[in-house]
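**Q** Below is a structure I'd like to ask you about.
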Amino acid sequence: MRVCVYAGSFDPPTLGHLDLIRRASGMYDQVRVAVLINPDKKGVFTPPQRVALLKKITQDLPNVVCEADSGALLAYAQRVGACAVVRGLRNEADFLYEYQWALINRQLCPQIEWVYLMSDPSCAHVSSSHVRQLGALGFALDAFLPPSIVDEVTEKLRGTQK
C-alpha cells in the first residue's frame, strides 16, 4: 500500500488544506493527515480539536486517516511506513523554506519522497493565521473554510478576543 503523509498544524484547517488532502487522496492508497505540534506557533485549537475538524472535512474520503502526533514529521512518516510526504506550495517563500528541508530530509531518509503540490490559485493567499486573525475580528470565514466547519471555527475564534 502506498501511504503518504500530509502534516501541518491545521489551526484551523482551511480550504487550501482540504484541496491538498483531496488531491493527495487520488494519488495514494492512504493519506495520513498528521496534526504536528509546532512549538513556534501558539495554537487556538487543541490538537484533538484540530483532528476532529479534519475528520469532519474529510469524512467523504475513505482513504484519509487524521491523527495528532507530538514527534517530528520525518519520524512520523517513517513510523507509519510512508513512501512520500506531501507538502503544499503557496508562493516563492514556501518554496525556499521547503526546498531546504527537502534536501535535509532526503539526506536523513532517502527512501521517502517529498512531493510538492502547488496550491490552487483560489487558496494560495490563505493561511490558518490569516483565518484566525479575521475570525477573531468578526469577519465572515466562508470563503476560507470548508462549509462543515465554518460555524464551529467562527464561534471559537470570536471567543478568543473576549
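**Q** I'm checking my understanding of the structure. Among residues of region 28-57 that are under 14 Å from A7 (Cβ atoms) and of a type in the set (V, I, T), which one is modelled with the lowest pLDDT?
**A** Here the residue is I37.
**Q** Taking the criterion of being over 21 Å from P47 (Cα atoms), within 15 Å of the chain's Cα centre (by Cα), surrounded by 11 or more Cβ atoms within 10 Å (Cβ to Cβ) and among the hydrophobic types (A, V, I, L, M, F, W, C), would at least one residue in region 120-128 satisfy it?
**A** yes
**Q** Within region 62-72, can one find any residue that is surrounded by 12 or more Cβ atoms within 10 Å (Cβ to Cβ), in contact with a Leu (Cβ under 7 Å, 6 or more places away or on another chain) and under 16 Å from L20 (Cβ atoms)?
**A** Taking every residue of region 62-72 in turn, at least one turns out to be surrounded by 12 or more Cβ atoms within 10 Å (Cβ to Cβ), in contact with a Leu (Cβ under 7 Å, 6 or more places away or on another chain) and under 16 Å from L20 (Cβ atoms).
**Q** Right, here's the next one. For N91, only one of the following conditions fails: (1) touching a strand residue (DSSP E or B) at 6+ places or on another chain (Cβ under 8 Å); (2) under 29 Å from A136 (Cβ atoms); (3) modelled with pLDDT under 95. What is its number?
**A** (1)
**Q** Counting only residues that are more than 27 Å from V150 (Cβ to Cβ), give me the strands (runs of 3 or more DSSP E) lying completely in region 1-100 with at least 2 of them.
**A** Of the strands (runs of 3 or more DSSP E) lying wholly inside region 1-100, those with at least 2 residues that are more than 27 Å from V150 (Cβ to Cβ) span 3-8, 84-89.
**Q** Right, something else. Given the conditions (1) within 20 Å of L20 (Cα to Cα); (2) of a type in the set (S, T, N, Q); (3) out of contact with any Gly (no Cβ under 7 Å at 6 or more places or on another chain), report the number of the one that S119 does not fulfil.
**A** Checking S119 against (1) within 20 Å of L20 (Cα to Cα); (2) of a type in the set (S, T, N, Q); (3) out of contact with any Gly (no Cβ under 7 Å at 6 or more places or on another chain), the one that fails is (3).
**Q** All but one of (1) in contact with a strand residue (DSSP E or B) (Cβ under 6 Å, 6 or more places away or on another chain); (2) under 15 Å from H17 (Cβ atoms); (3) among the hydrophobic types (A, V, I, L, M, F, W, C) hold for F144; which doesn't?
**A** The number of the failed condition is (1).
Residue-wise test of (1) surrounded by fewer than 21 Cβ atoms within 10 Å (Cβ to Cβ); (2) in contact with a His (Cβ under 6 Å, 6 or more places away or on another chain); (3) hydroxyl-bearing (S, T, Y).
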position: P13; (1), (2), (3): no, no, no
position: M27; (1), (2), (3): yes, no, no
position: K41; (1), (2), (3): yes, no, no
position: Y76; (1), (2), (3): yes, no, yes
position: G88; (1), (2), (3): no, no, no
position: N91; (1), (2), (3): yes, no, no
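**Q** Now for a separate question. Within region 10-40, restricting attention to residues that are in contact (Cβ under 8 Å) with a residue 40 or more places away in the chain and basic (K, R), which residue is nearest to G81 (Cα to Cα)?
**A** The extreme case among them is R32.
**Q** Could you go through region 40-50 and let me know if any residue there is of a type in the set (V, I, T) and out of contact with any helix residue (DSSP H, G or I) (no Cβ under 7 Å at 6 or more places or on another chain).
**A** yes
**Q** For residues that are part of a loop (DSSP other than H, G, I, E, B) and in contact with a helix residue (DSSP H, G or I) (Cβ under 7 Å, 6 or more places away or on another chain), scanning just region 130-147, find the one that is surrounded by the most Cβ atoms within 10 Å (Cβ to Cβ).
**A** L145
The values are calculated or read from the model by the stated rules, or taken from the named source; none is laboratory data. Computed from a prediction, not measured in an experiment: that's the story for all the values here. We place every Cβ from the backbone using ideal geometry, glycine too, and count neighbours over all the protein chains shown.
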